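K.L.:
Handing you this structure, nothing more for now.
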Amino acid sequence: MLTIEEPSAAPKPGFALFALGFRPFYLLASLLAALSVPLWALQYSGRLGHPYLAGPLWHAHEMLFGFALAVIVGFLFTAGRNWTNLPTPTGWRLAALCALWLAARVLVLTPFAIAAAVANVAFPLAAAIALAVPFFKARSRRNYFFVGLLVLLAAAAGFFHLGQLGLASLPARRGITVALDVVLFILAVMGGRVIPMFTNNGVPGAGATRQPVVEKLSLGLVLALAAADIAGLQGAPVAAVALAACGAHAWRWLLWQPWRTRRVPLVWVLHLAYAWVPVHLLLRGLAEAGAVTPSLATHALTVGAIGGLVIGMVTRTARGHTGRPLKADGFETACYVLVLLAALVRVALPLAAPALTMPAVLASAALWSAGFGLYAVRYWPVLSRPRVDGRPG
């Protein structure tokens with residue numbers, strides 16, 4: 001489990017941005033999320049010239065291989081040290097990985113397509129290698145699959161870029177779809193590990209539980225959905241898997257007693273975010289049946305589940321791993337509300353009134369940008385300074 005302490009002390013002077021993986025990657029991810037809206041506006045205005053990726057493809061690629069992947073890597077580097085009692089990248093090694101991530105973000109906005117493709121495949125591979133070293137040394141077999149998932153994300157990025165460059169017959173969007181499935185599986189695994197624990201620790205008497213049958217069913221059906229997407233299946237078979245997965249994840253969520261968390265923002269944000277997983281799977285099934293547009297299912301996952309779980313986890317783990325109390329203040333609660341509202345506006349409004357899709361997109365983008373922008377401003381001093389209790393990390 002990810003160990004988080006609750007001491008409180010005065011801030012310490014110094015610079016510690018590269019002291020542990022969560023620090024730079026949480027900050028970079030939040031800055032990318034906040035800047036994605038103005039960057040997209042610059043693209044549409046023509047002020048970025050002729051970038052390698054533009055429009056919806058750039059948006060999808062960066063939210064997955066930029067934003068989500070940065071948070072995943074930062075979280076795994078931090079948790080991996082606790083799971084193995086061995087070091088994960090810090091100092092210049094961590095800074096080099098951040099530079100590679102940043103280069104990949106910049107290169108997709110230039111005409112240098114090959115360099116952009118190489119950088120975007122190299123980053124998850126480098127992160128997988130960096131994580132594999134402590135895992136294999138410690139024989140942490142329970143967590144080996146995270147290395148495999150990072151490699152699979154690198155493969156998905158590779159397929160995306162091969163398709164985009166015209167070097168493979170597979171459409172670039174297939175890589176996005178597979179990457180979404182991989183990120184969904186990572187969220188499902190980590191959600192199952194930490195949300196019930198955080199609920200019981202933060203809400204005495206909550207009684208959040210896990211049932212082995214439900215755990216295996218919910219995770220297995222996500223893997224089945226990923227396999228169907230890799231195989232290129234469409235229509236009724238995929239709809240059946242998605243709808244079954246929706247039921248399993250809704251059952252799983254209810255076992256965590258979400259209604260008992262309403263007084264604890266640091267916990268309810270995780271429950272509300274995870275609720276978007278069964279919503280995504282329901283919409284995915286309906287989209288395969290032709291009842292709704294696929295974009296609604298995609299944004300239920302990306303804005304609702306990914307965005308909500310990210311903003312919940314990057315506040316909680318940053319607080320815990322910098323020695324601060326595990327209690328959300330008004331700034332953090334505002335971040336939660338902004339990001340979760342962005343999901344609700346982006347999915348519910350077009351579903352109820354398709355004619356309002358464009359206003360919904362604009363309003364959701366503004367809410368998303370404001371939520372993560374507020375986090376970046378609020379947490380820059382937290383992430384860049386040493387722990388308040390003087391401990392390493």
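K.L.:
Any residue at all in region 212-224 that is buried (at least 20 other Cβ atoms within 10 Å of the Cβ), of a type outside the set (S, T, N, Q) and assigned to a helix (DSSP H, G or I)? Please lay out each step first, then the result.
P.N.:
Let us first name the residues in region 212-224 that are buried (at least 20 other Cβ atoms within 10 Å of the Cβ), namely 218, 221-222.
Adding the requirement that they be of a type outside the set (S, T, N, Q) leaves 221-222.
Still in the list and also assigned to a helix (DSSP H, G or I): 221-222.
Yes, some residue in region 212-224 is buried (at least 20 other Cβ atoms within 10 Å of the Cβ), of a type outside the set (S, T, N, Q) and assigned to a helix (DSSP H, G or I).
K.L.:
Next question, about the same structure. Do we find a residue being closer than 18 Å to Ala117 by Cβ and touching a residue at least 40 places away in the same chain (Cβ under 8 Å) anywhere in region 178-186?
P.N.:
Within region 178-186, one or more residues are closer than 18 Å to Ala117 by Cβ and touching a residue at least 40 places away in the same chain (Cβ under 8 Å).
K.L.:
Restricting attention to region 131-146, which residues are within 18 Å of Leu69 (Cβ to Cβ) and aliphatic (A, V, I, L, M)?
P.N.:
Leu131, Ala132
K.L.:
Could you tell me whether any residue of region 283-292 is closer than 30 Å to Ala79 by Cα and surrounded by 23 or more Cβ atoms within 10 Å (Cβ to Cβ)?
P.N.:
No, the conditions are met nowhere in region 283-292.
K.L.:
Follow-up. Within region 325-342, can one find any residue that is basic (Lys, Arg) and over 25 Å from Leu187 (Cβ atoms)?
P.N.:
Of region 325-342, the ones basic (Lys, Arg) are 327.
From what's left, over 25 Å from Leu187 (Cβ atoms): none.
Within region 325-342, none of the residues are basic (Lys, Arg) and over 25 Å from Leu187 (Cβ atoms).
K.L.:
Of all residues in region 45-88, which are farther than 25 Å from Leu374 by Cβ and of a type in the set (Phe, Trp, Tyr)?
P.N.:
If the condition is that a residue be farther than 25 Å from Leu374 by Cβ and of a type in the set (Phe, Trp, Tyr), then Tyr52, Trp83 are the ones that fit.
K.L.:
Now for a separate question. Scanning region 99-124 for residues that are in a helix (DSSP H, G or I), touching a residue at least 24 places away in the same chain (Cβ under 8 Å) and more than 22 Å from the chain's Cα centre (by Cα), which turns out farthest from Arg47 (Cα to Cα)?
P.N.:
Ile114
K.L.:
To continue, here is another question. Can you name the condition, by its number, that Arg23 falls short on among (1) closer than 30 Å to Val388 by Cβ; (2) charged (D, E, K, R); (3) over 18 Å from the mean Cα position of the chain (by Cα)?
P.N.:
In the conditions (1) closer than 30 Å to Val388 by Cβ; (2) charged (D, E, K, R); (3) over 18 Å from the mean Cα position of the chain (by Cα), Arg23 misses (3) alone.
No lab work stands behind these numbers, since they all come straight from the coordinates. Being a predicted model, the structure only gives us computed values, none of them experimental. Neighbour counts are summed over all protein chains in view; Cβ atoms, including those assigned to glycine, are modelled from backbone coordinates with ideal geometry.
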